[in-house]
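Everything below concerns the one structure shown next.
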Amino acid sequence: MKKVLIPLVIGTLFTLLFLGYAVFIVVFAHEAMSELFLPAALYIGFAFGMGKVTFERIKEIRKGEEDDLSQY
């Protein structure tokens, strides 16, 4: 359980950070929305990617696969 907890916490923190940036850009910026669409979309994409990577890592841990770094 401890091996699953750390990637879950780190993945959740980064996902929330990226989503927070996107919300900040959309809500608090005073420029035209057409100029802010790309940065907000990038942060939402980063959040989606981080969530996907986190869930894939949790699947690997549950299967019993170890880190590749321990082999070197």
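Could you check the spin-label model distance between residue 58 and residue 6? Points 7 Å from the Cα along Cα→Cβ, value in nm.
1.7
With labels modelled as points extended 7 Å from the Cα through the Cβ direction, what inter-label distance (nm, one decimal) is found for residue 33 paired with residue 48?
So the two model labels end up 1.9 nm from each other.
In terms of modelled amide H atoms, which long-range or inter-chain residues lie less than 5 Å from the amide H of residue 29?
The answer is none.
All of the numbers you see were taken from the coordinates with simple rules; none came from a lab. Computed from a prediction, not measured in an experiment: that's the story for all the values here. Ideal geometry is used to build each Cβ from the backbone, glycine not excepted, and the neighbour counts take in all protein chains shown.
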